[in-house]
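The values are calculated or read from the model by the stated rules, or taken from the named source; none is laboratory data. Please read these numbers as outputs of a predicted model, since none were measured by experiment. Reconstructed Cβ throughout: ideal geometry from the backbone, glycine too, with neighbour counts over all protein chains shown.
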Amino acid sequence: MLRAFALSALLILPAASAFAQDAEAGRSVFGQCRACHQVGETARNGAGPVLNGLFGRKAGTVPGYNYSEANKNSGITWDETNFAAYIKDPKGFMPGNKMAYAGLKDDKRIADLTAYLKTFGADGKPK
């Protein structure tokens, strides 16, 4: 019985690590986002809002950014789960939002992007 448990744990372990977050790889993924979004201490709103301090923030609340009604009224507080669903299919997840992006479909790249974004506090300073 113990041997079967140990064997199953060995089989599961590589699958779990396959989606480990890599902030450095996420920096590269963020290259797709840079046309519209900024992060860091000097970040400003552009075609999209600043993404500093994204996780734990209520959707539609970055000062100075003109959000869609869909985003402002979504009631979402960004976490890893709803961000992953949103970035995979922005229009499907939140119909009526302004984001002109078809979506990032690869779960590993989403995990890496998430890790990268989490390195920025609300003030844009590294955490």
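Suppose we filter ILE76, ILE110 for residues that are among the β-branched types (Val, Ile, Thr), within 11 Å of the chain's Cα centre (by Cα) and surrounded by 15 or more Cβ atoms within 10 Å (Cβ to Cβ); which single one remains? Working first, answer last.
Numbers: ILE76 fails: within 11 Å of the chain's Cα centre (by Cα).
Answer to the selection: ILE110.
Can you confirm whether GLY96 is surrounded by fewer than 17 Cβ atoms within 10 Å (Cβ to Cβ) and more than 20 Å from ARG27 (Cβ to Cβ)? Quick ask: steps written out before the conclusion?
Details: surrounded by fewer than 17 Cβ atoms within 10 Å (Cβ to Cβ): yes; more than 20 Å from ARG27 (Cβ to Cβ): yes.
In short, yes.
If LYS88 passes every condition in (1) surrounded by 15 or more Cβ atoms within 10 Å (Cβ to Cβ); (2) touching a Cys at 6+ places or on another chain (Cβ under 7 Å) but one, which one does it miss?
For LYS88, the failing item is (2).
Can you name the residue in segment 17-65 that is of a type in the set (S, T, N, Q) and out of contact with any helix residue (DSSP H, G or I) (no Cβ under 7 Å at 6 or more places or on another chain) and is also farthest from PHE83 (Cα to Cα) among such residues?
Per the stated criteria, the residue is THR42.
How about segment 21-43: which of its residues are among the hydrophobic types (A, V, I, L, M, F, W, C), over 12 Å from the mean Cα position of the chain (by Cα) and more than 14 Å from ASP106 (Cβ to Cβ)? I'd like the intermediate steps shown before the answer.
Pass one, segment 21-43, residues among the hydrophobic types (A, V, I, L, M, F, W, C): 23, 25, 29-30, 33, 35-36, 39, 43.
Next, from what is left, pick out any that are over 12 Å from the mean Cα position of the chain (by Cα): 25, 35-36, 39, 43.
Scanning segment 21-43 gives ALA35, CYS36, VAL39, ALA43.
Could you say whether any residue in segment 22-35 is part of a helix (DSSP H, G or I), among the hydroxyl-bearing types (Ser, Thr, Tyr) and modelled with pLDDT of 95 or more?
Checked against the condition, which is being part of a helix (DSSP H, G or I), among the hydroxyl-bearing types (Ser, Thr, Tyr) and modelled with pLDDT of 95 or more, segment 22-35 yields at least one hit.
Just one of (1) assigned to a loop (DSSP other than H, G, I, E, B); (2) closer than 20 Å to ALA25 by Cα; (3) touching a Gly at 6+ places or on another chain (Cβ under 6 Å) trips up LEU104, so point out which.
Exception for LEU104: condition (3).
Using the structure shown, decide if GLY75 is out of contact with any strand residue (DSSP E or B) (no Cβ under 9 Å at 6 or more places or on another chain), on the phi > 0 side of the Ramachandran plot, at pLDDT 95 or above and assigned to a loop (DSSP other than H, G, I, E, B).
Answer is no for this residue.
Could you list, in sequence order, the residues of segment 78-101 that are not in a loop (DSSP other than H, G, I, E, B) and not acidic (Asp, Glu)?
Within segment 78-101, THR81, ASN82, PHE83, ALA84, ALA85, TYR86, ILE87, LYS88, PRO90, LYS91, GLY92, PHE93 meet the criteria.
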